[in-house]
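Comments concern the structure below.
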Amino acid sequence: MAEKTVVLYPSLGVGHLNPMVQLAKAFLRRGVAVTIAVVDPPGKDPVLEAAVARLASASPSITVGLLPIKPAGTNDHCSNPALRMLDELRLASPVLREFLVSLPAVDAIVVDMFCIDALDVAAELAVPAYMFYASAAADLAIYLQVPDVCRAAPSSFKDMGDTALPFSGVPPVRALDMPDTMADRESDLCRRRVQQLARMPEARGILVNSFEWLESRAVKALRDGLCASGGCSTPQIYCIGPLVDGGVSGDSGERHACLEWLDRQPKQSVVFLCFGSGGVFSAAQLREMAGGLENSGHRFLWAVRSPRDEQSQSAEPDLEALLPHGFLQRTGDRGLVLKDWAPQAEVLRHEAVGAFVTHCGWNSALEAVMSGVPMICWPLYAEQRLNKVHLVEEMKIGVVVEGYEESFVKAEELQAKVRLVMESEEGRKLRERAAMARDMAADAVKEGGSSDVAFYAFFKHVEMDKLEERQIRPS
Ligand code: UDP
């Protein structure tokens, strides 16, 4: 694919831009030129602006094209952020079209799972379109089956409690573990998502941020066509991960103080707690977590955010006020609490870390896999409850904290799961399996590994599709 250009098209927000940047870097490493088309919604988004500026300075070989879109005007959907995002992506289609036409040559476009409208633009311009699925292959297997399963279900998932849903290729998934966006099939949001999921097979191939060994059952089900809804066949699947942020120290190049603290802790002795970009707890839950950690007797490193209702009042959490009286003093010799943010990827790679309490965001899960750290799963939002199923039931590299379904986990439960992972025979087995997953991930991404081979198979596919397009529509 020398001198070929692939356009990457993420949906809105930094959370969707980051995985595409990792994909762009992987393409570049293999000699494929990439342009990321970033939708610039109405109104300023300083976080997005900063991310684009960082990208431009850190990776100048990745071209970024900004696609400014006009305000949608007021409509009923605007109050729902997920629907607003889908509306804005729809409005971006003509701008994307203009952008693609302005480029000298486009060999392929790779869209993320929310950018389904872009498939129409690509078809109109005869540009082969593929999808990048930035989460687990098992989530993809489930999502491809959702249109059929949702239609055939006796009621909305939200009314089916712990009924196991009939998905192929994955362990039993309870209706209550389905993402909130799909909970109520009468809602506009669920209808839109199901329409989008039903169109995913229109992509000519799907790149997945995972690797074959980790998800062999789901990948086999996808390849065997067991996950196709509505009689469609599943596109070719390419597991090209794990692609994660390198996680090197911040812009200043200085090593974060928590890493120095970890240097002083024994090997595999520290429980690390960190809950993604959006993980926020109530003050009551934070106090309960503190109690669980204190009573577990284990060392810990914990990134704490202010509860949502307090975020507008102070820039950073007031730890003395939020955590139980005297907690910081009593645990000072074995615990470190960070405000808001931790350099997660680096922390996970540190040999002092023995367990990771995580919200099960897929990037966090992959970072833990690549570091061989077993997980204590505490899913919070989006597809994290599904990821919890895969990590615990299928991959066997995590345990779950009871109570997440009711959005409240008791101190005793956290304490018990910390002790299970850190002290018990079951914990030892989890650690062994996590170490095996780490080794298999390293094998997958090295030259000639399954993910590297999948990249080249994908490039070959793109070339064949391009050739086919030329035969159908000679320029
Ligand atoms: N992250 C981090 N420090 C934090 C919180 C998050 O470095 O304090 C990083 C984490 O390493 C991961 C990403 O942010 O790469 C979170 O992605 P994930 O898919 O796990 O969760 P999301 O934020 O999308 O819910």
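Throughout, read-outs are computed from the coordinates displayed, never taken from laboratory work. No experiment lies behind these values; they were computed from the predicted model shown. Ideal geometry is used to build each Cβ from the backbone, glycine not excepted, and the neighbour counts take in all protein chains shown.
Going through segment 74-165, which chymotrypsin sites (Phe, Trp or Tyr not before Pro) have at most 13 other Cβ atoms within 10 Å and a DSSP loop state? Please report the intermediate quantities before stating the final value.
On the way: sites: PHE99, PHE114, TYR130, PHE132, TYR133, TYR143, PHE157; in loops: PHE114.
Passing both the DSSP loop test and the Cβ count: no residue.
Return a whole-number percent for the relative contact order of segment 117-195, with Cα pairs under 8 Å and 6 or more residues apart as the contact set. Spell out each step's value before the answer.
Working: 70 pairs, mean separation 17.4, N = 79.
Reported relative contact order: 22 percent.
Could you tally the net charge around LEU144, taking each other residue with its Cβ under 13 Å from the Cβ of LEU144, Lys/Arg +1 and Asp/Glu -1?
So the surrounding residues net to -1.
Could you please report the charge total around LEU66, scoring K, R as +1 and D, E as -1 over all other residues with beta-carbon less than 11 angstrom from its beta-carbon?
Residues close to LEU66 contribute a combined charge of -2.
Fewest to most neighbouring Cβ within 10 Å: what's the order for LEU322, LEU144? Each step should come with its number before you reach the end.
On the way: LEU322 19, LEU144 28.
Arranged by neighbour count, lowest to highest, LEU322, LEU144 become LEU322, LEU144.
Find how many whole Å separate the alpha carbon centroid of segment 1-60 from the alpha carbon centroid of segment 205-232.
If we compute the Cα centre of each part, the gap is 26 Å.
Based on the Cα gyration tensor of the chain, what are the three equivalent ellipsoid semi-axes, each the root of five times an eigenvalue, rounded to whole Å and given largest first? Mind dumping the intermediate values first?
Values: eigenvalues 272, 120, 111 Å².
Value: 37, 24, 24 Å, ordered largest first.
How much of the pair distance distribution for segment 267-397 lies past 25 Å, counting alpha-carbon pairs only, in percent?
Percentage above 25 Å: 23.
What relative contact order, as a whole-number percentage, does the chain give when Cα pairs under 8 Å and 6 or more residues apart are counted? Write down the numbers at each step before the final one.
Working: 853 pairs, mean separation 64.0, N = 475.
Answer for the chain is 13 percent.
Provide the net charge surrounding GLY297, with neighbours chosen by a C-beta distance below 10 Å and charges set as Lys +1, Arg +1, Asp -1, Glu -1. Write out the running numbers ahead of the final one.
On the way: positive: ARG299, ARG334, ARG419; negative: GLU294, GLU423.
It works out to a net charge of +1.
With just the Cα atoms defining each centre, how far is segment 269-305 from segment 376-412? Give it in Å.
Comparing the Cα centres of segment 269-305 and segment 376-412, I get a distance of 15 Å.
Full extension from LYS429 to ALA457: what is 0.36 nm times the residue separation minus their Cα-Cα distance, to one decimal in nm?
Using 0.36 nm per residue and subtracting the Cα-Cα distance, I get 6.6 nm.
When only DSSP loop residues count, what GluC sites (Glu not before Pro) in segment 84-190 have their Cβ near at most 16 other Cβ atoms within 10 Å? Walk me through the numbers before you get to the answer.
Values: sites: GLU88, GLU98, GLU124, GLU186; in loops: GLU186.
Qualifying residues, ordered by number: GLU186.
Calculate how many DSSP beta bridges within the chain are antiparallel, expressed in % of all such bridges and rounded to the nearest 5. Please list the in-between numbers first.
Numbers: 2 of 47 bridges.
Counting DSSP beta bridges with both partners in the chain, the antiparallel share is about 5 percent.
Under 8 Å for C-alpha pairs, at least 6 residues apart: give me the relative contact order for segment 344-475, rounded to a whole percent. Working shown, then result.
Numbers: 151 pairs, mean separation 27.2, N = 132.
For segment 344-475, the relative contact order is 21 percent.
Sort TYR9, TYR238, TYR456 so the one with the fewest other Cβ atoms within 10 Å of its own Cβ comes first.
Details: TYR9 29, TYR238 22, TYR456 13.
So the ranking, lowest neighbour count to highest, is TYR456, TYR238, TYR9.
If each residue's Cβ is checked for other Cβ atoms within 10 Å, how do SER155, SER451 rank with the fewest at the top?
Working: SER155 12, SER451 24.
Listed from fewest to most nearby Cβ atoms, that is SER155, SER451.
Which entries of LYS70/LYS220; LYS220/LYS466; LYS44/LYS417; LYS220/LYS410; LYS25/LYS429; LYS339/LYS446 have Cα-Cα distances beyond 31 Å here? Let's see the in-between values first.
Working: LYS70/LYS220 43 Å; LYS220/LYS466 27 Å; LYS44/LYS417 43 Å; LYS220/LYS410 38 Å; LYS25/LYS429 35 Å; LYS339/LYS446 36 Å.
Too far apart for the 31 Å limit: LYS70/LYS220; LYS44/LYS417; LYS220/LYS410; LYS25/LYS429; LYS339/LYS446.
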